[in-house]
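Taking it in order: structure first as structure tokens, then the write-up.
The values are calculated or read from the model by the stated rules, or taken from the named source; none is laboratory data. Quick caveat, the model's predicted, so the values are computed rather than measured. Ideal geometry is used to build each Cβ from the backbone, glycine not excepted, and the neighbour counts take in all protein chains shown. For the accessible areas, the whole protein counts, side chains as well, though only heavy atoms, and no ligand, DNA or RNA atoms are used. Shrake-Rupley method; radii C 1.70, N 1.55, O 1.52, S 1.80 Å.
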Amino acid sequence: MVLEKSLMRSPLRSRFVALVAALVAPALPLEPAHAQSFPSRQVNFVVPNLAGGSSDLIARAVASHLSKVWGQPVVIDNRPGASEMIATEFLARSAPDGYTIAIFSNALSINETLSPARRYDAKRDLLPVTKLAELPFALIVAAPMPVNTFKEFVEYAKSNTTKLSYGHVGVGAPHYLTMEWFKREAGIDLLAVPYRSSPPVYTGLLGGEIQVTVGALGGATQLIEAGKVKALTAMSKQRPVSQPNLPTVSEFGYKEFDLVPWMGVFLPANVPADVLRKLETDILDAAKSPEVRDQLLRIGLEPSPADAKAFGELVQRDIGNWAKVIQDVGVKPQ
């Protein structure tokens, strides 16, 4: 008993109780080591376009948010060219440690069919992390055209087969594929006129070189509000948040088309699951933050955050849908 009391009063007792408690206490799950320390250094954010473009501006807004949360620099790495394939291949070959992320658009889905010579496979080599935004497309016509509705446009196009041309930014771009799909479905014919980028398309539309285009609502908003061009229909199943009064092609009977361009964040395949979850959580938080939402709306994009599961399903579905469109319109793989 004396021994017992002395034990109770000695420092040994504290260690003994702690040991017993450790032995009998239920095991608690530990956070994986990757997530505990990630990120412990600079994260590189790959952008497939030049500085100043939509994807670059979004990436910078997200990077600024993440840098504040992580206390680590997030550095933008612009790698433009080849319809985003240069940046995509770079990401696919990057170390799968979470320290290289990238923002891509639905050009990634189109390239899976249109560019069989690419040196990566999106389904095998990439991990979708977070969808950030959508870029609603619309059928846009020059203001002088004597049509004010989608139905009137189709009727006018059918009766003026040699008078209409449309502008696009390259065979294989969503603008071109969307219009070629629409021509086929509506039974109309318009001459395709290529331009180097979207701004010259609108210059051609205003100057009378072309009469029609399919393009992003964001880039045309000021022209629409000024009455210089007219948006007749959204090329989607749902009405754009920014233009709730604009009817969709689905409302006119074209139910199958639902290929709204998107932008989202990707990782190389085989990144540890806990790092993927942390990036997913933190980038979703960034996408929902006021500063990122404001930046998206400012450049004509619609905030549309989605988690890794939903985004991955969208990418898989999009690859198949664009493959069908490419086959239907007869564009040859490059």
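What is the extension gain from Asp274 to Leu297, computed as 0.36 nm multiplied by their sequence separation minus the C-alpha to C-alpha distance, in nm to one decimal? Can you show the working numbers first?
Details: separation 23, 0.36 × 23 = 8.28 nm, distance 3.14 nm.
Working it through step by step, the gained length comes to 5.1 nm.
On the principal axes of its Cα set, how long, how wide and how thick is the range 46-109? Give whole Å, largest value first.
Reported extents, whole Å, longest axis first: 34, 27, 17.
When you have a sec, figure out the Kirkwood radius of the range 233-334 from all distinct Cα pair distances and drop it here in Å to one decimal?
Over the range 233-334, the inverse of the mean reciprocal pair distance is 16.1 Å.
Can you pull the percent of the range 69-162's accessible area that's carbon plus sulfur, 1.4 Å probe, other chains left in place?
Carbon plus sulfur share of accessible area: 52 percent.
Have a look at Pro146, Tyr156, Ala117 and report the one farthest towards the positive end of the charge dipole of the range 41-158, computed about the Cα centre with Cβ charges (Lys/Arg +1, Asp/Glu -1).
Going by the charge dipole, the pick is Ala117.
Whole number in Å², please: accessible area per residue of the chain, 1.4 Å probe, ligands, DNA and RNA not counted.
Heavy-atom accessible area per residue stands at 49 Å².
Below 8 Å between Cα atoms, with a sequence gap of 6+, how large is the relative contact order for the chain in percent?
26
Divide, for the range 101-254, the radius of gyration over alpha carbons by 2.2 N^0.38 Å, where N is the residue count.
Output field value: 1.10.
Starting from the exponent 0.38 and prefactor 2.2 Å, build the expected Rg for the chain from its residue count and divide its actual Cα Rg by it. Don't skip to the answer; put the middle values down first.
Values: Rg = 26.2 Å, N = 334, 2.2 N^0.38 = 20.0 Å.
Computed over Cα atoms of the chain, the ratio equals 1.31.
Determine the dipole magnitude for the chain: charges of +1 sit on the beta-carbon of Lys and Arg, -1 on that of Asp and Glu, nothing else is charged, the reference point is the Cα centre, and the result goes in debye to the nearest 20.
With Lys and Arg at +1 and Asp and Glu at -1, about 640 debye.
What do you get for the angle between helix 273-288 and the principal long axis of the chain? Use alpha-carbon atoms, 0 to 90 degrees, nearest ten.
Its long axis makes an angle of about 50 degrees.
With a 1.4 Å probe and all protein chains left in place, how much of the accessible area of the range 262-334 comes from carbon and sulfur atoms, in whole percent?
Answer for the range 262-334 is 50 percent, counting heavy atoms of protein chains only.
For the range 130-168 and the range 255-328, compute the distance between their C-alpha centroids and round to whole Å.
Measuring centre to centre over Cα atoms gives 27 Å.
Once every DSSP H run of n ≥ 4 in the chain is given -39500 (n - 2.57) and the sum is divided by its residues, what mean residue ellipticity at 222 nm do you get, rounded to the nearest 500 deg cm²/dmol?
Result for the chain, helices only: -14000 deg cm²/dmol.
Working from Cα positions, state the angle (0 to 90°, nearest 10) between the long axis of helix 150-159 and the longest principal axis of the chain.
40
Which of Lys123/Lys288; Lys131/Lys309; Lys123/Lys309 have a Cα-Cα distance over 21 Å?
Values: Lys123/Lys288 27 Å; Lys131/Lys309 10 Å; Lys123/Lys309 14 Å.
Beyond 21 Å between Cα atoms: Lys123/Lys288.
Against the 2.2 N^0.38 Å scaling, with N counting residues, where does the range 194-269 land? I'd like the Cα-based Rg ratio to two decimal places. The partial results should precede the final answer.
On the way: Rg = 14.6 Å, N = 76, 2.2 N^0.38 = 11.4 Å.
Ratio of Cα Rg to 2.2 N^0.38 Å: 1.28.
How do the peptides 93-100, 75-82 rank, highest first, by the average count of neighbouring beta carbon atoms within 10 Å per residue?
Output ranking for 93-100, 75-82: 93-100, 75-82.
Quick one: if you take sqrt(5λ) for each eigenvalue of the C-alpha gyration tensor of the range 251-293, what semi-axes come out, biggest first, whole angstrom?
30, 17, 8
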